[in-house]
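Report on the following structure.
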Amino acid sequence: MKIIVNGETAEIRAGTLAELLSELGYADAIVATAVNGAMVRAVRRDATPIATGDRVEILAPMQGG
Amino acid sequence: MDAMTDTTAFDADPVEFYGTRVGSRLLLGTAQYPSPAILAEAIRGSGAEIVTVSLRRESGVAKPGQPLAGQSFWQLIRDLGVKVLPNTAGCKTVKEAVTTAEMARELFGTPWVKLEVIGEDDTLQPDVFGLVEAARILSRDGFQVFPYTTEDLIVAEKLLSAGCEVLMPWGAPIGSGRGLNNPYGLRSLRAHFPRVPLVVDAGLGLPSHAAAAMEMGYDAVLLNTAVAKAGDPVRMARAFARAIEAGRDAVIADPMEVRDMAAPSTPVMGRAVFGE
């Protein structure tokens with residue numbers, strides 16, 4: 001199915017947010033996640049389903065001022 | 001410890017943010033350095049104990065054995081052992097800022113947040129109305145908010161009643177290097193809130209700007225571009241650290257009064273008289 005990850009269309013197989021992170025290679029990465037504009041805590045990723053058209057944000061620590 | 005035998009008593013001059021004491025009054029941004037090594041050296045050399053960080057989309061493609069950009073940056077910061085102050089840079093609405101702060105809290109494991117709600121692109125001026133609203137929501141939710149604000153007294157009051165225990169007025173627009181644009185406003189903010197920790201955040205270009213902020217009685221200074229974009233960021237970080245210490249020492253030392261007329265510093269009595 002097609003979803004939007006970090007602003008770009010992606011064709012994915014994952015059914016949950018946790019599976020999506022594994023599929024994208026972020027399984028061990030320190031990231032924060034949001035689905036459709038709402039934050040999803042790390043402990044909730046297994047229980048968070050992903051559906052066609054969802055907008056997922058995967059954010060990482062970055063340099064900032 | 002007995003104050004008389006504590007030889008560090010003269011130099012130890014910690015500043016406190018939300019009950020956390022830090023020895024350095026320089027808060028340093030981590031963006032725009034020529035390399036991670038130079039960033040690390042600038043932090044170490046300046047003695048900064050608090051650094052600002054942000055949250056951005058992880059841009060790389062994860063490959064086995066190759067750390068993603070965000071992950072290696074985070075490792076570098078953790079190895080330095082400094083406290084992090086995550087920002088909500090670039091957020092333009094209350095919702096964006098609140099969601100970003102929530103994600104930052106989980107990612108960085110700190111209730112601290114440098115709250116930015118930007119109102120205008122050319123000046124990156126804070127949207128103070130959105131700022132107060134976001135500060136209220138986040139404070140209620142257990143965040144310890146460091147609001148990036150203007151020097152406006154009424155906004156400051158509203159931020160304090162929203163739950164903020166630190167204020168961070170701008171010196172000048174972010175990245176402009178102009179110094180203290182409104183010394184009168186900054187001085188009057190200091191005078192109105194003598195016990196609130198105040199940090200000049202943004203717009204400084206030179207160590208003398210930082211010294212001037214400290215001489216006004218500000219508790220600390222936050223800067224990024226002035227160090228990161230200097231020809232030698234490591235040396236400039238150290239220069240700022242020294243200027244901040246000098247300005248702080250000057251306040252404690254209680255400066256002389258300014259007067260209009262000259263007053264001889266060399267004693268007049270006993271002056272030799274020639275050729276009378």
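The values are calculated or read from the model by the stated rules, or taken from the named source; none is laboratory data. Fair warning: this is a prediction, and the values are worked out from it, not measured in the lab. Here Cβ is always computed from backbone atoms with ideal geometry, including for glycine, and neighbour counts include all displayed protein chains. Note: areas computed on protein heavy atoms with side chains; ligands, DNA, RNA excluded. Shrake-Rupley method; radii C 1.70, N 1.55, O 1.52, S 1.80 Å.
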### Query
On average, how much accessible surface per residue is there in region B:84-133, in Å², for a 1.4 Å probe, leaving out ligands, DNA and RNA?
37 Å²
#### Entry: Mean residue ellipticity (222 nm) of chain B, computed from DSSP H runs ≥ 4 via -39,500 (n - 2.57), nearest 500
-11500 deg cm²/dmol
### Query
Taking the protein assembly as shown, how much of its Cα-Cα pair set, in percent, is spaced more than 33 angstrom apart?
35 percent
### Query
Label point 7 Å out from B:ARG140 along Cα-to-Cβ: which residues of region B:77-101 have amide N under 14 Å?
B:95, B:98
#### Entry: Most to least packed among B:83-95, B:255-267, A:12-24, B:215-227 [average Cβ atoms within 10 Å]
B:215-227, B:83-95, A:12-24, B:255-267
### Message
Can you compute the FRET efficiency between B:ARG271 and B:ILE38 using 1/(1 + (r/R0)^6), with r the Cβ-Cβ distance and R0 = 45 Å? Round to the nearest 0.05.
### Response
0.20
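Can you tell me the FRET efficiency between B:PHE129 and B:ASP249 if r is taken as the Cβ-Cβ distance and R0 is 45 Å, rounded to the nearest 0.05? If you can, show how the numbers build up before the last one.
Numbers: r = 38 Å, r/R0 = 0.85.
Plugging the Cβ-Cβ distance into 1/(1 + (r/R0)^6) gives 0.70.
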### Query
Quick one: helix B:94-108 against the long Cα principal axis of chain B, what's the angle to the nearest 10°, folded into 0 to 90?
90 degrees
### Query
Angle between the Cα long axis of helix B:233-253 and the longest principal axis of chain B, 0 to 90 degrees, nearest 10?
50 degrees
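What average count of beta carbons from other chains do you get within 10 Å of the Cβ of residues in A:29-42? It would help to have the intermediate numbers written out before the result.
On the way: counts 8, 11, 9, 10, 3, 4, 0, 0, 3, 3, 8, 2, 3, 2.
The shielding value for this peptide is 5.
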### Query
How far apart, in nm, are the 7 Å Cα→Cβ label points at B:ARG78 and B:MET261?
6.8 nm
### Task
May I ask for the angle, rounded to the nearest 10°, between helix B:128-140 and the longest principal axis of chain B, with both axes built from Cα atoms and the value confined to 0 to 90°?
70 degrees
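I'm checking a number: the convex hull volume of the Cα atoms of chain B, normalised per residue, in Å³. What is it?
Cα-based convex hull of chain B, divided per residue, equals 200 Å³.
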### Message
Nothing charged except the Cβ atoms of Lys and Arg (+1) and of Asp and Glu (-1): what's the magnitude of the dipole of the protein assembly as shown about its Cα centre? Round to the nearest 20 debye.
### Response
460 debye
### Query
Spin-label point model (7 Å from Cα, Cβ direction): what's the B:SER188 to B:ARG57 distance in nm?
4.4 nm
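Please report, as a whole percent, how much of the solvent-accessible surface of the protein assembly as shown comes from carbon and sulfur atoms (probe radius 1.4 Å). Could the numbers behind the result be given before it?
Details: 9210 of 17340 Å².
For the protein assembly as shown, the apolar C and S fraction of the accessible surface comes to 53 percent.
Could you please report the charge total around B:ALA202, scoring K, R as +1 and D, E as -1 over all other residues with beta-carbon less than 13 angstrom from its beta-carbon?
So the environment of B:ALA202 carries a net charge of -1.
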### Task
Quick one: plug the Kirkwood hydrodynamic radius of region A:2-59 (C-alpha pairs) into Stokes-Einstein at 10 °C, 1.306 mPa s, and report D in µm²/s.
144 µm²/s
### Task
Per residue of B:222-234, count partner chain C-beta atoms within 10 Å of its C-beta, then hand back the mean as an integer.
1
### Query
In angstroms, what radius of gyration and Dmax does region B:66-197 have, counting Cα atoms only?
15.5, 52
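With a Förster radius of 51 Å, plug the Cβ-Cβ distance of A:MET1 and B:LEU160 into 1/(1 + (r/R0)^6) and report the FRET value to the nearest 0.05. List each step's numbers first, then the result.
Details: r = 49 Å, r/R0 = 0.95.
Taking R0 as 51 Å, the efficiency between A:MET1 and B:LEU160 is 0.55.
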### Query
Where nothing but the Cβ of Lys and Arg (+1) and of Asp and Glu (-1) is charged, how large is the charge dipole of region A:2-59 around its Cα centre, in debye to the nearest 20?
180 debye
### Summary
Comparing each residue of region B:107-122 in the complete protein assembly with the chain by itself (heavy atoms, probe 1.4 Å, ligands and nucleic acids ignored), those losing at least 40 Å² of accessible area are B:LEU107
### Query
For chain B, how many pairs of lysine residues have a Cα-Cα distance under 22 Å, where the two are 8 or more positions apart or belong to different chains?
7
### Query
Accessible area of B:VAL128, 1.4 Å probe, to the nearest 10 Å²?
30 Å²
## Note on the structure
Binned at 5 Å starting from 0, the alpha-carbon pair-distance distribution of region B:208-268 in whole percents comes out as 4, 17, 21, 16, 13, 11, 8, 6, 4, 1, 0
### Message
Placing +1 on the Cβ of each Lys and Arg and -1 on the Cβ of each Asp and Glu in the protein assembly as shown, which of A:MET39, B:SER46, B:LEU206 has its Cα farthest towards the positive end of the resulting dipole?
### Response
A:MET39
### Message
Only four residue types carry charge here, +1 at the Cβ of Lys and Arg and -1 at the Cβ of Asp and Glu. Report the dipole size of chain B about the Cα centre in Debye, rounded to the nearest 20.
### Response
640 debye
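Quick one: buried accessible area between A and B, total over both chains, 1.4 angstrom probe, nearest 100 Å²? Provide the component values of the computation, followed by the final result.
Working: alone 4420 and 15320 Å², together 17340 Å².
Summed over both sides, the interface buries about 2400 Å².
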### Query
Tally Lys/Arg at +1 and Asp/Glu at -1 over every other residue whose Cβ is under 11 Å from the Cβ of B:TYR148; what's the total?
-2
